[in-house]
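Note sheet for the following structure.
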Amino acid sequence: MQYRKDRNGNNLSILGFGCMRFTKKGGGIDIAKAEQELMTAYRAGVNYFDTAYVYSGSEAALGEIFERNHIRDKINIATKLPQYLIGNRAALDRYFQEELSRLRTDHIDYYLMHHLTDVAMWEKLKNIGILEWIQEKKQAGAIRNIGFSYHGNTDNFLKILNDYGWDFCQIQYNYLDEVAQAGRDGLRAAAAKGIPVMIMEPLRGGKLVNMLPDQAKKAMKSSGRSWEPAEWGLRWLYNQPEVTVVLSGMNSVEMVEANCRTASEATAGSLTPDDFATLEAVKDVIREREKVGCTGCRYCMPCPKGVDIPGIFRCYNTMYTETKSQGRFQFAQTVGLTREPAFASQCIRCGKCEQHCPQSIPIREKLQEADKALRPLPYKIGIQAARAFMFRKTR
Ligand code: SF4
Ligand code: SF4
């Protein structure tokens, strides 16, 4: 494992464990499996674990696993204040205490304002006294480093970055999103101020692996490198010295081992012009085919009418990055045949979802487009018949 420094000179593993999506079992997290994955990462030198108040069951799972394995003091926990749920100063303490209790700890190493998308959100927090609260918590040693995770545009990112003496920040960044959100300019601005940058969505929610078109995979294969698609994505990030920690959600021990291997080899400045040319070719293929730039972050959810927005977009994109029938098959499985219907046709165009989409996707318009493509008449009839059969009333 390689390490890069935080503001105080502490070593952080360049691979961090993103703890948003552990494998589920019986309605909760499969703790035994998560423990195996987390401990494999720990033993390989990973010392940064990122969770959040709203990642269902994640904080409690980490608390349990770290306590059982006696490693709390050997690792760094990053978690997040659900600032969008906070209306007053008392709520700050309430949520923070709950997080400490779930994580079975008396301090958070890296604490973030979760999901800021513009300056107004930060101003709202300042108005309820967040600055004094942070100071108190830092003085008491309950928060070691303070930062924010960000999903808005570059301008607002720079304003928030420059408004306060942050210890670190977290941005969405990958080779497909080099200029989206905070982007390369935001990354470099933070690094220029000496602020460590943690990277989320390094593989665009797995899309740069699972939904990579064959032609893009071919471009990678014919490059002469033996790297898998995930490794290309991670190496592109590690190549940039401004990147401090890359967070990866890892759902198997094999994935943990592969990512740890990459994080022990890839150094800043090691990609060649040929490597960049390969990635350009890959990007061209992906952009040509994708219909909606949805990362699957789910910030638009829940929809009041039950529309599965990211699910529908994922299947719609699959129609173009894989095959039409594959996209429609996935749609039938994951959206069409769920007990609670989640079709785009349920949308009442309230626009709530669009206010939260970090990718600024015109969701209402794209949902209509996706629905047309995913459910041509014969499929609509087929899905209706299958639903009627599956959910028929039985005595
Ligand atoms: S616009 Fe449609 S999809 Fe979006 S939140 Fe409203 S009902 Fe749901
Ligand atoms: S539509 Fe936007 S908010 Fe919803 S999952 Fe996709 S990228 Fe995220």
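The values are calculated or read from the model by the stated rules, or taken from the named source; none is laboratory data. Bear in mind that the values here come from a model prediction, so they are computed numbers and not experimental data. Ideal geometry is used to build each Cβ from the backbone, glycine not excepted, and the neighbour counts take in all protein chains shown. The accessibility values were calculated without ligands, DNA or RNA, using every heavy atom of the protein model including side chains. Shrake-Rupley method; radii C 1.70, N 1.55, O 1.52, S 1.80 Å.
Compute all pairwise cysteine Cβ distances in the chain, then list the cysteines with no distance under 4.7 Å to another cysteine.
Result for the chain is CYS19, CYS169, CYS260, CYS294, CYS297, CYS303, CYS315, CYS347, CYS350, CYS357, no neighbouring Cys Cβ within the cutoff.
List the residues, sorted by chain then number, that are 5 or more residues from ASN47 or on another chain and whose placed amide H is less than 5 Å from its amide H.
Counting only residues 5 or more places away or on other chains, the set is SER13.
Quick one: if the Förster radius is 41 Å, what FRET efficiency do ASP214 and ALA91 give, using the C-beta to C-beta distance and rounding to 0.05? Display every interim value, and only then the final one.
On the way: r = 50 Å, r/R0 = 1.21.
Given R0 = 41 Å and the Cβ-Cβ separation, E is 0.25.
Can you give me the distance in nm between label points at GLN139 and ALA388, each placed 7 Å from the Cα along the Cα-to-Cβ direction?
Taking the simple label geometry, GLN139 and ALA388 are separated by 7.0 nm.
Show the residues, 5+ positions off or on another chain, whose built amide H is closer than 5 Å to the amide H of GLN240.
GLY269
Helix-derived [θ] at 222 nm for the chain: sum -39500 (n - 2.57) over DSSP H runs of at least 4, divide by residue count, nearest 500? Write down the numbers at each step before the final one.
On the way: 17 runs with 182 residues, N = 395.
For the chain, the value works out to -14000 deg cm²/dmol.
Report the extension gain between GLU178 and ASN8 in nm, rounded to one decimal, defined as 0.36 nm multiplied by the number of residues separating them, less their alpha carbon distance. Before the final figure, lay out each step's value.
On the way: separation 170, 0.36 × 170 = 61.20 nm, distance 2.79 nm.
Contour length minus the Cα-Cα distance gives 58.4 nm.
For GLU98 and LYS74, compute 0.36 nm times the residue count separating them, minus their Cα-Cα distance, and round to one decimal in nm. The partial results should precede the final answer.
On the way: separation 24, 0.36 × 24 = 8.64 nm, distance 2.21 nm.
The span from GLU98 to LYS74 would gain 6.4 nm if fully extended.
Sorted from largest down, give the three principal axis spans of the alpha carbons of the chain, whole angstrom values.
64, 54, 43
Could you please state, rounded to a whole Å, how far the C-alpha centre of the range 64-129 is from the C-alpha centre of the range 1-55?
16
Sorted by packing (mean other beta-carbon atoms within 10 Å per residue), highest first, where do 112-123, 24-35, 281-292 land? All intermediate terms of the calculation are to be shown ahead of the outcome.
Values: 112-123: 19.8, 24-35: 14.4, 281-292: 17.2.
Ranking, from highest mean packing down: 112-123, 281-292, 24-35.
Measuring with a 1.4 Å probe in the full set of protein chains, what accessible area per residue, in whole Å², belongs to the chain?
On the way: 17550 Å² over 395 residues.
On a per-residue basis, the chain sits at 44 Å².
Between SER270 and LYS124, what FRET efficiency follows from the Cβ-Cβ distance if R0 is 41 Å, with the result rounded to 0.05?
Details: r = 42 Å, r/R0 = 1.03.
That pair, SER270 with LYS124, gives E of 0.45.
For the chain, give the percent of accessible area contributed by carbon and sulfur heavy atoms, probe 1.4 Å, rounded to a whole number. Walk me through the numbers before you get to the answer.
Values: 8660 of 17550 Å².
C and S fraction of accessible area: 49 percent.
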